[in-house]
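A.B. asks: Can you keep this structure in mind? I'll have questions shortly.
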Amino acid sequence: MPTPHGSPSWHRGYNRRSALERINNRIDNSFGFEHHFIRGMHKMKLRVGLAFAVMPAMALGHIKQGRAHQMRSLVQTPRQASG
């Protein structure tokens, strides 16, 4: 029996689904896996695994540099010129 639309458990599942879709979109577009030239399952699993390792490492780097608001950003904003 499917979960009733609009129920609390349906909302929890939908929220999880949208978070996974954001991750899948980032993998496809930002890391370039949508148009790839990788051949072989072993190579593909390795590269996707590396991409999954890079995302939390970049988030940790942003936090350690005091840019917690950019935790989910893959690009770095240019710094202000001093002087």
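A.B. asks: Any chance you could give the angle, 0 to 90 degrees and rounded to 10, that helix 8-25 forms with the longest Cα principal axis of the chain?
C.D. replies: So the inclination is approximately 40 degrees.
A.B. asks: Enter the angle in degrees (range 0 to 90, nearest 10) between the Cα long axis of helix 41-64 and the first principal axis of the Cα atoms of the chain, meaning the one along which they spread out most.
C.D. replies: 60 degrees
A.B. asks: Same structure, new question: Please compute the contact order of the chain in relative form: average sequence separation of alpha-carbon pairs under 8 Å and at least six residues apart, divided by the residue count, as a percent.
C.D. replies: Values: 25 pairs, mean separation 12.4, N = 83.
Worked out over the chain, it gives 15 percent.
Just so you know, all these numbers are worked out from the coordinates, no wet-lab data involved. Predicted model, so just to flag it, every value in this text is computed and none were measured.
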